[in-house]
Amino acid sequence: MSHKHKRVGYRSILLVDDNAAVRQSLREWLSRIFPQCAFWEAASGEQALILVQQQKPQVIVMDIGLPQMNGIQATRLIKQCLPQAQVVMLSIHEDARYQEDAALAGATGFVSKRMMHVDLLPVITRCIAEATHAERRKQERASSKVKMG
């Protein structure tokens, strides 16, 4: 589906993890919970950047420990080209330093892989709600400019 033909309320989630089994498991689980969403997958930060530019996903679930370009670096670059994207960082590391680095890079949320089965769904739900709210505000601003002009 091309970006210009997306319907209002259309949601997409990009899953970024270098482990194919993790991506597949996440996709199967999340697609049952969020059937209204389209899903894309990337195995690296570099692939994620390409997909972000092509598909403009609203939510990105990003593994922190990617080879070459790690999740923090990829998030920083993604937020530069798509600032409205909601990035949820996944990590096996629970150290506060990683959470701080993720937040400084622009991540909306940080979820430990150990607690993913409990914590990820509420964070993604909140991210989808925030993306929907931001889209509505943007549409309202656009329609008020048309009325004024």
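Out of (1) more than 17 Å from Arg11 (Cα to Cα); (2) touching a Ser or Thr at 6+ places or on another chain (Cβ under 8 Å); (3) of a type in the set (A, V, I, L, M), what's the single condition that is false for Leu104? So Leu104 meets the others, but not (2). Only one entry in Gly45, Gly109, Gly65 is crowded, with 16+ Cβ neighbours inside 10 Å and more than 13 Å from the chain's Cα centre (by Cα), namely Gly65. Among the residues here, Val16 qualifies as under 12 Å from the mean Cα position of the chain (by Cα) and farther than 24 Å from Lys138 by Cβ.
Applying the condition of being modelled with pLDDT of 95 or more and of a type in the set (A, V, I, L, M) to segment 23-37 and asking which residue is surrounded by the fewest Cβ atoms within 10 Å (Cβ to Cβ) yields Leu30. Candidates in segment 68-86 are the residues that are of a type outside the set (A, V, I, L, M) and crowded, with 23+ Cβ neighbours inside 10 Å; of these, the one that is farthest from the chain's Cα centre (by Cα) is Gly71.
The values are calculated or read from the model by the stated rules, or taken from the named source; none is laboratory data. Because the structure is a prediction, the values reported are computed rather than measured. Backbone-built Cβ (ideal geometry, glycine too); neighbour counts: all protein chains shown.
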